[in-house]
Structure formats: C-alpha cells, structure tokens
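Asker: One structure is given below, represented as structure tokens, and several questions about it will come after.
The values are calculated or read from the model by the stated rules, or taken from the named source; none is laboratory data. Computed from a predicted model, the values in this text were never measured in an experiment. Note that we place each Cβ from the backbone using ideal geometry, even for glycine, and neighbour counts take in every protein chain shown. Please note that ligands, DNA and RNA were not included when accessible areas were found on the heavy atoms of the full protein model with its side chains. Shrake-Rupley method; radii C 1.70, N 1.55, O 1.52, S 1.80 Å.
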Amino acid sequence: MSVIVEFTLDDEDFRLGQVLAEPPDMYIELERIVPTGSSLIPFLWVQCEDTETFKQRINESEHITSFTVLDRFDDWVLYRMEWKTEQQDVLEGLEISDAAVLEAYGNSGWTFRLRFPTHDQVSQFYNYCMEYEIPIDITRSYTLTERSDVAQEFDLSNEQREALVLALQRGYYDTPSEVTMSDLADELGISQQAVSNRIQRGTKKVFERTLR
C-alpha cells in the first residue's frame, strides 16, 4: 500500500533550494521530477517580480546545465531545468527510494508531499536523510485509505482541501467576498501566494472531476 509523507526542509539544507533562494519575494512550486541517468529534470512553476536576479542565480549555478521556459500563465512561468544529480542531497534520496513528488513548494523554506510505493521505501528515504544528516521535519505520514473521502475523490492534497474549506466557510466565494486572500493566508499561517496557489489548484481539480 502506498504511503504519503509530508515534510519541510530549510533552503540551506536543499541544494536546489539554495540556488533558488533569491530573490526573497519569489514563490516556487516543483511540479515533477524526471530521472535521466546521471541527472534530474525538475519542472518548476515560478512566480517572481525580480526575474533578472532569478536568471542570474540560475546562470551562475554549476549544478544547472540547461534552463528553458516552457509556458506562462498570468504571472507564473513554467521552467524545465536539468540538474546534476549529487550524493548526499534530498533529490537523490527521492530518486533511490522511488518517491513521487505530489506537491513541493518553496518560499523561505520548502514543503514536500511525496508518495512512496511501500513503507519500506519510506524507511529507505528516512534512513538516507539520517545517514547524510539532511534535517527533514516530517509533519505527517498516512496511507491513501486514511484520507477523507472528499479529498480522495477529487485527488486533493490535505493543504488544498483545508484552503478550500476555509475559503468556503469564511465567505471568500460570496458576492461581495467577505474575506480577502490575505485574510485566509493569515489564518492558515502561510503566504498569500501559497494560499492562492492551493485554492487555484484545488479548484481546478474539483472542476476537472465534476465538469468533465
């Protein structure tokens, strides 16, 4: 039975996070990772006003061998990046433990939600992090059968469901809206960009399952 693991990691303990740590107003979502032999291909959604500083950081990094713009949506840009695989890094840990990235986003630190095929792979990943002193902070671990029926039906992450339920309860969808995105962000204790992303992605999943 597959297992979902959620954890957080500081920028300085994540090599890709170190490269992408500036400028400070940048929000990044790791869409997926594709292993390709000795390298990894991360696909990143990036929201950033200071694009020149961001590009400079990318060009100066010895870990990135290619960087391509694939798509744009409002103020978000989708990038394809080729990243040199290194030992003692959390990305290598994900690769060797056969973990699938369900959700990962960074803004002064990173939050991950992963799916492992079995508990053995979870242990393999955890032992890898302990061996190389990668200080992950596991916030939750559960199987798919432990998720709520609604979240499982629409393939919502716990964070997306939490944001959608709070928005509905607080009158965000009313006309006129009774709360702002900033109000919801304060209540959840996350950035406005993060709550906006959770609501947008969660709403898209619900629409895809119901309207199609």
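Asker: Answer yes if at least one residue in segment 104-126 is over 21 Å from residue 158 (Cβ atoms), at pLDDT below 85 and among the hydrophobic types (A, V, I, L, M, F, W, C), and no otherwise.
Answerer: Scanning segment 104-126 turns up no residue that is over 21 Å from residue 158 (Cβ atoms), at pLDDT below 85 and among the hydrophobic types (A, V, I, L, M, F, W, C).
Asker: Also, I was wondering about something else. With the structure loaded, tell me whether residue 46 is within 19 Å of the chain's Cα centre (by Cα) and assigned to a strand (DSSP E or B) or whether it fails that test. Give the derivation first.
Answerer: Details: within 19 Å of the chain's Cα centre (by Cα): yes; assigned to a strand (DSSP E or B): yes.
Criteria met by residue 46.
Asker: Name the single residue that is nearest to residue 155 (Cα to Cα) among those in segment 1-30 being open to solvent by 20 Å² or more (accessible area, probe 1.4 Å) and modelled with pLDDT of 75 or more.
Answerer: Only one residue tops the list, namely 2.
Asker: Which condition number does residue 155 fail, the rest of (1) of a type in the set (D, E, K, R); (2) over 22 Å from residue 9 (Cα atoms); (3) open to solvent by 90 Å² or more (accessible area, probe 1.4 Å) being met?
Answerer: Here residue 155 meets the rest and fails (3).
Asker: Sticking with this structure for a sec: Tell me which residues, restricted to segment 95-121, are open to solvent by less than 30 Å² (accessible area, probe 1.4 Å) and not in a strand (DSSP E or B).
Answerer: Residues of segment 95-121 open to solvent by less than 30 Å² (accessible area, probe 1.4 Å): 97, 99, 101, 103-106, 109-110, 112-114, 116.
The answer is 97, 99, 109.
Asker: Of all residues in segment 57-94, which are polar (S, T, N, Q) and in a strand (DSSP E or B)?
Answerer: The answer is 65, 66, 68.
Asker: Continuing with this model, one more query. Could you tell me which of the residues 33, 96 is modelled with pLDDT of 85 or more and on the phi < 0 side of the Ramachandran plot?
Answerer: Working: 33 fails: modelled with pLDDT of 85 or more.
So the residue among 33, 96 that is modelled with pLDDT of 85 or more and on the phi < 0 side of the Ramachandran plot is 96.
Asker: Going through segment 127-152 one residue at a time, which ones are part of a helix (DSSP H, G or I), of a type in the set (A, V, I, L, M) and at pLDDT 90 or above? Don't jump to the end; show me each part of the working.
Answerer: Here is the first cut: in segment 127-152, the residues part of a helix (DSSP H, G or I) are 127-131, 144-146, 149-152.
Next cut, of a type in the set (A, V, I, L, M) only: 130, 144, 150-151.
130, the sole residue that qualifies.
Asker: Name the residue that is farthest from the chain's Cα centre (by Cα), counting only residues in segment 164-177 that are open to solvent by less than 40 Å² (accessible area, probe 1.4 Å) and either among the charged types (D, E, K, R) or farther than 17 Å from residue 209 by Cβ (or both).
Answerer: By that ranking, first place goes to 171.
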